[in-house]
Amino acid sequence: MDTGNAMQRTSGSQPKSARTVLSGDDIDRALTRIAHEIIEANKGVQDLVLLGIPRRGFPLAQRIAQRIASAEPGTDPAAIVGQLDITMYRDDLRHSTARTPSPTNLPAGGIDGKVVVLVDDVLYSGRTIRAALDAIADLGRPRIVRLAVLVDRGHRELPIRADHVGKNLPTATSEKVRVRLGEVDTANGLPLNEVAIEGQA
Amino acid sequence: MKHLLSTLDLSRDDAIRILDIAEEMAAVGTREVKKLPALRGRTVVNLFFEDSTRTRISFEAAAKRLSADVINFAAKGSSVSKGESLKDTAQTLQAIGADAVVIRHWASGAPARLAATDWIDAPVVNAGDGTHEHPTQALLDAFTLRRHWARARGTGSLGTDLAGLKVAIVGDILHSRVARSNLWLLRTLGAEVTMVAPPTLLPVAAGSWPCTINYDLDDALAAGPDAVMMLRVQAERMNAAFFPNAREYSRRWGFDDARLAALDAHGLAETLILHPGPMNRGLEISSGAADSSRSAVLDQVSNGVAVRMAVLYLLLSGDQQRTANETQG
Amino acid sequence: MNPTHATGDYLIRGASLLAETTADLLVSDGRIAAVGPAAATDARAASATVIEAAGLVALPGMVDLHTHLREPGREDAETVETGTRAAALGGFTAVHAMANSNPVADTAGVVEQVWSLGRRSGWVDVRPVGAVTVGLGGERLSELGAMADSRARVRVFSDDGICVSDPVLMRRALEYVKAFDGVIAQHAQEPRLTEGAQMNEGEVSAVLGLAGWPAVAEESIIARDVLLAQHVGSRLHVCHVSTKGSVEIIRWAKERGIQVTAEVTPHHLLLTDELVRSYDPVYKVNPPLRREEDVMALRAALADGTIDVIGTDHAPHPSESKECEWAQAAMGMTGLETALSVVQHAMIETGMITWADFARITSTVPAAIGRLGDQGRPLAAGEPANLVLVDPAARWTVDPAKMATKGRNSPFRGLELPGAVVATFFRGHPTVLGGALNTPLPLDGGA
């Protein structure tokens with residue numbers, strides 16, 4: 001996730017001008033498409049590793065892995081998914097609040113020589129992905145690194161692009177994009193799945 | 001958290017946060033590249049007015065694993081031993097551009113002075129001050145206990161405290177900064193503490209502390225502690241009549257082989273033995289106990305690096321506000 | 001040429017004498033010339049400078065039995081000149097300069113030097129205290145008689161800062177000074193029980209890991225000394241009593257008719273060891289700040305007469321002696337310029353004593369203990385005009401940077417306190433007027 005809008009995916013009370021741009025079903029369809037794109041680009045599941053970036057990149061990676069497994073029988077989804085924490089690699093540590101890092105968990109086979117697909121919810125400035133690439137370099141040497149995101153909202157600050165995009169969402173920088181996934185977001189005790197754009201509160 | 005001066009003023013949330021971050025830092029120690037870029041370009045000064053190679057290298061390893069530059073300033077043999085004051089030393093470090101000061105001092109309260117004055121702006125970490133506190137030691141002890149007991153119970157340790165754990169701290173409580181820091185932190189984390197010592201080596205006001213006092217180590221072991229923390233005893237204390245001689249001390253308050261066997265006899269399969277080091281083998285702890293499978297001494301050392309990484313990371317990154325978990329991504 | 005006698009006459013109008021009766025005072029030629037209606041009708045009143053004193057309390061000039069003026073030896077910390085300016089501003093007309101200078105005031109030569117510096121400065125009477133033992137070494141008696149016979153006419157002897165712990169030496173000193181009506185002022189601190197001591201031993205020291213200064217180290221010496229004083233029939237003065245237990249021992253001794261007097265400092269009447277939690281050495285003092293219950297016992301003892309006097313233990317230090325680690329820091333606090341306000345705050349505003357009691361504990365009794373004939377006298381016609389005018393309704397915030405003492409080590413900094421010294425008359429001359437220093441009254445042209 002990107003600097004400048006650190007709170008963009010925070011769940012909580014909704015500001016007045018929120019509008020839903022992706023429903024839960026829209027998200028499901030986008031992820032199914034991404035799963036098939038990944039299989040196609042990789043010509044199968046050989047050497048494939050999905051690394052989700054906390055917090056919502058990880059459940060997205062799990063969901064994509066489930067879809068890959070149902071398309072490619074014999075694949076164990078848990079064996080190809082990992083989590084990559086990038087807290088210590090951020091370029092704004094000195095300026096933003098101290099963050100508690102999340103665990104980094106790699107699949108048993110590691111990432112050396114693998115095709116790693118980084119998974120995150122929103123692609124914005126590109127700084128999170130820059131940090132993720134540095135983090136990967138400290139953990140091993142993949143053969144290929146690709147990027148899959150649920151939403152690309154534009155406004156890149158680094159030469160980074162996604163290989164797989166669920167939805168391109170033109171936004172103003174004053175707006176916030178909130179991704180809510182049932183694994184981490186709930187409303188009234190029920191899981192919540194949507195992508196919403198909020199104007200300036 | 002601007003400084004880490006004592007565990008007395010550490011909240012439960014802050015303590016658990018440090019321990020949780022230390023879990024992630026410990027994982028880095030098992031990787032091939034044991035280094036994180038988090039503190040790149042920051043300068044950590046280890047300001048040691050008292051020799052302590054162990055603590056110094058632990059902080060040095062912690063800072064370096066976070067990519068910080070480290071300056072070691074040993075006050076012995078320097079301008080400090082020629083009469084330069086703490087104030088002048090601090091102002092010099094400020095001028096050099098220190099981003100954090102890790103201070104070990106023989107005088108209780110010296111880190112608090114650095115933090116309270118305008119001599120230097122940098123965050124101050126107390127690496128042991130006189131007979132006051134040694135907060136990172138207490139944090140690494142708590143980390144060691146939390147991990148061990150999570151493993152023994154088959155649960156995760158993240159986010160948990162030490163509620164219900166029974167810890168006996170044994171030895172020279174009066175002069176021990178480790179005992180004080182551990183008492184406050186263990187209580188904050190919900191553990192029960194028993195202090196075991198000769199009456200001469202307890203503060204006269206120890207009765208006001210939130211712990212049980214027991215003069216009898218065998219009795220304290222029979223009560224079934226989950227951990228026994230042995231403190232270093234300086235043999236020269238006997239010259240000041242704190243106890244008659246090393247032999248008598250060892251017999252009554254040393255953790256010897258017989259007491260090691262007693263833990264088995266009491267059925268305390270998971271009870272740990274801790275010692276902050278350096279150990280006086282044969283005085284407060286026998287080699288049999290120090291080298292037994294119950295001994296967590298080496299775990300304490302490696303956990304010390306992770307805990308100190310967590311502390312440096314927290315003090316040196318970000319503005320000092322509290323973070324909500326959800327702002328990360 | 002400096003005046004050696006008070007110049008001019010002063011008519012103080014409408015002052016409240018000891019806060020009991022309102023009257024005019026005529027000051028002339030170093031004395032209180034007239035009190036009451038006679039003051040205004042006196043022939044000298046017409047040409048006198050009028051001081052409107054409505055709402056002000058007139059008190060006899062304060063006498064401090066316990067002041068560290070640091071000269072000779074530590075002129076960087078304080079001089080007789082700066083220390084006595086501070087004294088005048090604080091409402092004092094006499095101070096006893098403690099003997100722990102360098103060289104130690106253990107000979108007639110040194111005490112005469114301090115005495116004469118005081119005469120030349122002319123802000124207050126400076127009465128040197130003589131050291132009990134040579135060099136404060138605790139081994140041999142100083143030339144007590146020579147100091148008593150010197151021009152400084154020393155009557156108070158003390159090794160203050162160090163306890164005369166040797167019981168034989170203490171007994172001999174108590175006996176010996178009877179020859180010239182002297183008194184031994186004991187700094188009660190059992191040295192072996194306080195080796196390396198940094199603060200009061202108790203709950204706070206246990207948490208802070210600072211070596212404790214137990215109450216018993218003071219109380220055991222006081223108990224021994226009152227028994228010695230009883231045995232040899234001598235006068236004993238106990239400096240800066242700081243514990244509840246000490247009060248009980250002194251009360252017991254007085255009930256038995258032992259000639260013991262006791263002193264308490266303003267800071268021990270207000271501050272507790274809780275302040276040490278900051279590790280700020282401005283709170284480091286000897287004897288140390290004690291517990292709340294000690295503070296309360298000291299106040300009660302001062303009110304009931306068990307403790308006789310206020311002694312400031314004014315102890316200025318240069319900033320580098322306090323801008324350091326607690327253990328490295330010097331012990332001591334300034335006190336001359338805050339004593340009146342702290343005592344008003346702790347004792348008068350709490351209803352424990354009256355302004356008349358204040359005059360007794362800050363002037364009458366300390367002058368009597370020090371055998372100062374022309375200090376601590378009643379506000380009556382014919383008496384020496386050593387007096388102070390106080391505005392009891394004033395409130396001020398303590399700012400050490402604005403003090404006349406060189407020491408900036410006031411533990412009361414930032415505290416708002418009641419009571420302000422408006423004017424101090426020393427031998428009929430206003431050393432302080434309008435709350436500010438006026439001019440001194442040097443008693444020697446420079447001998």
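Condition first: within 19 Å of C:VAL57 (Cβ to Cβ) and either of a type in the set (A, V, I, L, M) or surrounded by 19 or more Cβ atoms within 10 Å (Cβ to Cβ) (or both). Now tell me which residues in the range C:368-380 satisfy that. Before you say what the answer is, go through the steps one by one.
Residues of the range C:368-380 within 19 Å of C:VAL57 (Cβ to Cβ): C:375-380.
The answer is C:GLN375, C:GLY376, C:ARG377, C:LEU379, C:ALA380.
Closer than 29 Å to B:LEU174 by Cα, in a helix (DSSP H, G or I) and among the polar types (S, T, N, Q), is that true of C:SER205? Yes, satisfied. Condition (residue is in contact (Cβ under 8 Å) with a residue 24 or more places away in the chain, on the phi > 0 side of the Ramachandran plot and out of contact with any strand residue (DSSP E or B) (no Cβ under 8 Å at 6 or more places or on another chain)) applied to the range C:190-201: is it met by at least one residue? No, because not a single residue in the range C:190-201 is in contact (Cβ under 8 Å) with a residue 24 or more places away in the chain, on the phi > 0 side of the Ramachandran plot and out of contact with any strand residue (DSSP E or B) (no Cβ under 8 Å at 6 or more places or on another chain).
When C:GLY182 is tested against the conditions (1) without any contact (Cβ under 8 Å) to a residue 24 or more places away in the chain; (2) under 22 Å from the mean Cα position of the chain (by Cα), the lone failure is (1). Which residue pairs have Cβ atoms closer than 6 Å, lie 6 or more positions apart in sequence or on different chains, and pair a first residue in the range A:131-146 that is in contact (Cβ under 8 Å) with a residue 24 or more places away in the chain with a second residue that is part of a helix (DSSP H, G or I) and hydroxyl-bearing (Ser, Thr, Tyr)? So the pair list comes out as A:ALA131/A:TYR89; A:ASP134/A:TYR89; A:ALA135/A:TYR89. Of all residues in the range C:318-337, exactly one satisfies the criterion of being surrounded by 24 or more Cβ atoms within 10 Å (Cβ to Cβ), touching a residue at least 60 places away in the same chain (Cβ under 8 Å) and within 14 Å of chain B (Cβ to nearest Cβ), namely C:TRP326. For the range A:104-142, the candidate set comprises residues that are among the polar types (S, T, N, Q) and not in a helix (DSSP H, G or I); within that set, the residue that is farthest from the other protein chains (Cβ to nearest Cβ) is A:SER125. When B:VAL44, B:VAL70, B:VAL33 are checked against the criterion of being of a type in the set (Val, Ile, Thr) and more than 27 Å from A:ALA132 (Cβ to Cβ), B:VAL70 stands alone in meeting it.
Residues in the range C:333-372 that are farther than 19 Å from C:SER16 by Cα, more than 13 Å from the chain's Cα centre (by Cα) and assigned to a loop (DSSP other than H, G, I, E, B): C:THR350, C:MET352, C:ARG371, C:LEU372. Among the residues of the range B:195-208, what is the count of those that are more than 10 Å from chain C (Cβ to nearest Cβ) and surrounded by fewer than 20 Cβ atoms within 10 Å (Cβ to Cβ)? Going through the range B:195-208 one residue at a time, the tally reaches 2.
Between B:LEU145, B:LEU93, which is assigned to a helix (DSSP H, G or I), away from chain C (no Cβ under 11 Å) and within 17 Å of B:PHE49 (Cα to Cα)?
On the way: B:LEU145 fails: within 17 Å of B:PHE49 (Cα to Cα).
Within the list B:LEU145, B:LEU93, the selection yields B:LEU93.
Any residue at all in the range B:45-55 that's under 17 Å from B:ALA310 (Cβ atoms), assigned to a helix (DSSP H, G or I) and either more than 13 Å from chain C (Cβ to nearest Cβ) or in contact with a helix residue (DSSP H, G or I) (Cβ under 6 Å, 6 or more places away or on another chain) (or both)? Yes, the range B:45-55 has at least one match. Of all residues in the range A:69-85, exactly one satisfies the criterion of being part of a helix (DSSP H, G or I) and surrounded by 22 or more Cβ atoms within 10 Å (Cβ to Cβ), namely A:ILE80.
Before we move on, is A:GLN66 free of Cβ contacts under 8 Å to residues at least 40 places away in the same chain, touching a Phe, Trp or Tyr at 6+ places or on another chain (Cβ under 7 Å) and more than 8 Å from every other protein chain (Cβ to nearest Cβ)?
Numbers: free of Cβ contacts under 8 Å to residues at least 40 places away in the same chain: yes; touching a Phe, Trp or Tyr at 6+ places or on another chain (Cβ under 7 Å): no; more than 8 Å from every other protein chain (Cβ to nearest Cβ): yes.
It is false that A:GLN66 is free of Cβ contacts under 8 Å to residues at least 40 places away in the same chain, touching a Phe, Trp or Tyr at 6+ places or on another chain (Cβ under 7 Å) and more than 8 Å from every other protein chain (Cβ to nearest Cβ).
Count, please, the residues in the range B:86-144 that happen to be of a type in the set (Lys, Arg) and modelled with pLDDT under 95. Walk me through it before giving the result.
Of the range B:86-144, the ones of a type in the set (Lys, Arg) are B:87, B:104, B:113.
Checking the rest, the ones that are also modelled with pLDDT under 95 come to B:87.
Number satisfying all stated conditions: 1.
Only one of the numbered conditions (1) farther than 23 Å from A:GLY182 by Cα; (2) assigned to a loop (DSSP other than H, G, I, E, B); (3) within 14 Å of another protein chain (Cβ to nearest Cβ); (4) not aromatic (Phe, Trp, Tyr) is violated by A:MET88, and that is (2). Within the range C:379-402, residues that are assigned to a loop (DSSP other than H, G, I, E, B) reach partners that are aromatic (Phe, Trp, Tyr) with beta carbons closer than 9 Å, at six or more positions or on different chains, in the pairs C:ALA385/C:TYR10; C:ALA385/C:PHE425; C:ALA385/C:PHE426; C:ASN386/C:PHE425; C:ASN386/C:PHE426; C:VAL398/C:PHE412.
Of the residues B:ALA152, B:ALA115, B:ALA179, which is among the hydrophobic types (A, V, I, L, M, F, W, C), in a helix (DSSP H, G or I), within 14 Å of chain C (Cβ to nearest Cβ) and in contact (Cβ under 8 Å) with a residue 60 or more places away in the chain? Show your work before the answer.
On the way: B:ALA152 fails: within 14 Å of chain C (Cβ to nearest Cβ); B:ALA179 fails: in contact (Cβ under 8 Å) with a residue 60 or more places away in the chain.
Just a single option satisfies the conditions, and that option is B:ALA115.
With respect to the conditions (1) assigned to a helix (DSSP H, G or I); (2) within 21 Å of C:GLY161 (Cβ to Cβ); (3) of a type in the set (S, T, N, Q), C:GLN328 lacks only one, and its number is (1). Restricting the range B:294-314 to residues that are polar (S, T, N, Q) and touching a His at 6+ places or on another chain (Cβ under 9 Å) leaves a set whose member that is farthest from B:LYS35 (Cα to Cα) is B:SER295.
Every condition in (1) closer than 16 Å to B:GLU270 by Cα; (2) surrounded by fewer than 24 Cβ atoms within 10 Å (Cβ to Cβ) holds for B:ALA142 except the one numbered (2).
The values are calculated or read from the model by the stated rules, or taken from the named source; none is laboratory data. It should be emphasised that the depicted structure is a prediction, and the values quoted were computed from it without experimental measurement. No Cβ is skipped: glycine too gets one built from the backbone with ideal geometry, and neighbour counts run over all protein chains shown.
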